[in-house]
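K.L.:
This is the structure I have questions about; it appears just below.
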Amino acid sequence: MMRVLIVDDEAPARDKLRRWLSNHGDFEIAGEAADGLAAAATIETLKPDVVFLDIQMPGLSGLEVAAQLESGTAPLLIFVTAFDEHAVRAFDLNAVDYLLKPYDRDRLEKSLHRLRERSGDTPARSAVRTARAQTRSSERLLVPRGEQLELIEASAIHWLEADDNYVHVHTAAASYLVRRTLGDLLDQLGERFVRIHKSTAVNLAEVASLSPLFKGDHEVRLRSGATLRLSRRFKDALFGRMPR
Amino acid sequence: MPPNSSYPDSSLGTPRALYALWALFWLLMIAVAVQDNISDAHIKWWEPFLWECSSCLIATLWLVLQQRAGRRWNQYLSQPLKWFGLHLAWLPVLSLSFVITVYAIRHGVYALTGETYEHPSWSFVFLYETVKLTLFMGLWLAIIFGLKSFSLWKQEREHLLQMQKLLAESQLSQLKAQLQPHFLFNALNTISALMQSDVERADRLLARLADLLRASLAVGARQATSLREELNLLELYAAIMQERFAGHVTLTRNTTDEALDASIPVMLLQPLLENAYKHGVERSSQPVSIRIDAHREGQLLRIVIHNSGTWQSTPGSGIGLRNCRERLALVFGERANLSVAPVADGVAASVTLPFEPFRA
């Protein structure tokens, strides 16, 4: 049994998919979402196996949603789009499939067939990577705020702190607890951040000064006044990136 | 392209052909004068040369003056009588100053060589030179008028060609935008979904889509339309959007009959409504209302497309707006204006253009 999330901003489009999927006993509709933010939140709470993800949506596009998923646990993705063929073609090898609107029942059957073959596969890690490469995902991060999700600018983040399967995202105004691994966050956010410890990474632009401690460790002082420890292991990486 | 750059202006430059012609004319005059007097033993070779050169010098000063100061009369090129009249009004002043300066030069040069410049009485000189000058000015003004008219005609033709080209481009891009692949395929998908559940609605949507295709094709080569027809086209577009996002958006119009009969460039408003949808409706999950106001303000027609959605500028969304601005600038010059600005409860795109009733 595969649990399915349907994401589309048009009600008739969701109805069509729900009606056709209901004929298949091995697929169960876990939920629906009508925009990108709701989709991301629903994926987090419902943990579906499969997401039919419309690309052109208000707020956050389907590709942007995919780019913000934890790549290690992402569901299988089927992109649904009216015209973004060029965008979805990049996924040829690593998304399960894409549907071009309007599609007929035979075409959907083919997608479902591919899904059955892939069920139990490793998660859609490479599809998430492709989506990151296609969107400005290194510029913005989706974070929870109360019950809601919101986008913050990556440049506003001072530093990242791993905590089990979560990461504390520190900005000047607030800290957010994101259910992602530090490695996956750094993969998304790219060059702007540098790891200084097994469990911490800093925004390079926020580093104010470095001062040596014992045994090759250093203290990193941020513009905000926060002090962090740079472990010997990551020293060269940081020194190599610091402006002289 | 900055707006208005191709609009005919009054700074028609002096064509090189004019100076070339002028130089040739005076070379000929000098040559003829020298040749005429070469066999006359009483006249030295340099005398006819001096006569003609002094005339040439002063006449050339005038030509330069005419080319500079006469520019302000370029606007009368379409009224030849007025143009010639304005120039000829200066004849008495020119005639007087010509005789004084030219004869002063000649007397001066003769005196330097120890000779005396002999000529008929001053009253005869003035009469003779004035008649000659009148003929001379008439000839050259005709040539200048011809050259200027020609370059004005060339400028206007270029402007017209560019306007037609821009219109063709805009028609093409509008057609593409109306039948925007996204728009078309999404509408088709909505129909495909609805026909399983609500045949009536699917049928209605299919008919609206066909209406829109027909109306877009019917626009054809026309350049202007009535605001009424333009709004009808917009409403078809909106009707389809409304079927797709039921309950999400409301479109209202608030127009006077006088405004509806006004003439506007074909498909000018389409990109503005599209923008309103793009920013207001497709990008926000809240219900959005779009209101179109149109009324006459004295000599102007003012159209405002107001949407209650959020103000968000996305890259690439400016193409439609830029196209609108360029078309307005080409058709109306500085008499039309388009601005988009956030307002208290949303975003407003405002167009003003000269009011003119539409005649089919």
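Any read-out appearing in this document is the output of simple, stated calculations on the displayed coordinates, not a laboratory observation. Nothing here was measured: the structure is a model prediction, and the numbers come from that model. So basically every Cβ, Gly included, is an ideal-geometry build from the backbone, and we count neighbours across all protein chains shown.
K.L.:
Which of B:Asn254, B:Asn275, B:Asn323 ends up with the largest GNM mean-square fluctuation for chain B, with Cα atoms connected below 10 Å?
P.N.:
Of B:Asn254, B:Asn275, B:Asn323, the Gaussian network model singles out B:Asn254 as fluctuating most.
K.L.:
Only sites in a loop by DSSP and with at most 13 other Cβ atoms within 10 Å count here; which chymotrypsin sites (Phe, Trp or Tyr not before Pro) in segment B:12-71 make the cut?
P.N.:
B:Trp45
K.L.:
Now, a different point. Cα centroids of segment B:101-176 and segment B:324-359: how far apart, whole angstrom?
P.N.:
41 Å
K.L.:
Search the structure for amide H atoms under 5 Å from the amide H of B:Ala224, placed 1.01 Å from N in the peptide plane, and list their residues when 5 or more places away or on another chain.
P.N.:
Those lying under 5 Å, H to H, from B:Ala224 are B:Val266.
K.L.:
So what J values fall out for segment A:222-239 if you push phi through Karplus, 6.51 cos²θ - 1.76 cosθ + 1.60 with θ = phi - 60°, rounded to Hz, Gly and Pro as x?
P.N.:
Values, residue by residue: 8, 4, 6, x, 4, 10, 10, 9, 9, 7, 3, 4, 9, 4, 4, 4, 5, 4 Hz.
K.L.:
Which of B:Leu141, B:Leu272, B:Leu330 moves the most in a Gaussian network model of chain B with Cα springs under 10 Å?
P.N.:
B:Leu141
K.L.:
Could you pull out every residue, at least 5 positions away or on a different chain, whose amide H is within less than 5 Å of the one on B:Gly309? Hs are placed 1.01 Å off N in the peptide plane, and Pro or chain starts have none.
P.N.:
Placed amide hydrogens put B:Ser289, B:Val347 under 5 Å from B:Gly309.
K.L.:
What is the average number of partner chain Cβ atoms found within 10 Å of a Cβ in B:237-244?
P.N.:
1
K.L.:
Right, here's the next one. How long is the gain from B:Phe150 to B:Ser289 if the chain were fully straight, where each residue apart is worth 0.36 nm and the alpha carbon distance is subtracted?
P.N.:
In short, 44.7 nm is gained.
K.L.:
Given H placed on each backbone N at 1.01 Å, which residues far from A:Leu230 in sequence or on other chains put an amide H within less than 5 Å of it?
P.N.:
A:His218, A:Glu219, A:Val220
K.L.:
Calculate how steeply helix B:181-197 sits against the longest principal axis of the alpha-carbon atoms of chain B, using the helix alpha-carbon long axis, and give the answer as 0 to 90 degrees to the nearest 10.
P.N.:
20 degrees
K.L.:
Can you give the mean number of other chain Cβ atoms that lie within 10 Å of the Cβ atoms in peptide A:10-21?
P.N.:
Taking all residues of A:10-21 together, the mean is 5.
K.L.:
On to the next question. Give the Cα extents of segment A:152-241 along the principal axes, in whole Å, largest first.
P.N.:
33, 23, 21
K.L.:
To the nearest 10 degrees, how steep is helix B:46-69 against the longest Cα principal axis of chain B, on a 0 to 90 scale?
P.N.:
On a 0 to 90 degree scale, this one is about 20.
K.L.:
For helix A:11-21, what angle does its Cα long axis make with the longest principal axis of chain A, in degrees from 0 to 90 and rounded to 10?
P.N.:
70 degrees
K.L.:
Per 10 Å bin from zero, what fraction in whole % of the C-alpha pairs of segment B:16-158 is there, up to the bin with the longest pair?
P.N.:
Computed distribution, short to long bins: 10, 35, 32, 16, 6, 1.
K.L.:
Ranked from highest to lowest mean number of other Cβ atoms within 10 Å per residue, what is the order of the peptides B:82-89, A:160-167?
P.N.:
A:160-167, B:82-89
K.L.:
Note down the nm distance, to one decimal, between modelled labels 7 Å out along Cα→Cβ at B:His159 and at B:Lys82.
P.N.:
It works out to 1.6 nm between the two label points.
K.L.:
Right, something else. Based on the Cα gyration tensor of segment A:2-134, what are the three equivalent ellipsoid semi-axes, each the root of five times an eigenvalue, rounded to whole Å and given largest first?
P.N.:
For segment A:2-134, the semi-axes come out at 19, 16, 15 Å.
K.L.:
Within segment B:134-169, whose backbone N sits under 15 Å from a point 7 Å along Cα→Cβ of B:Leu65?
P.N.:
B:134, B:137
K.L.:
Over chain B, one equal point on each Cα, no solvent: what is log10 I(q)/I(0) by the Debye formula at q = 0.08, 0.09, 0.11, 0.15 Å⁻¹?
P.N.:
-0.60, -0.67, -0.82, -1.24
K.L.:
What is the mean number of Cβ atoms from other protein chains located within 10 Å of the Cβ atom of each residue in peptide B:189-200, rounded to a whole number?
P.N.:
Taking the mean over all residues of the peptide, I get 5.
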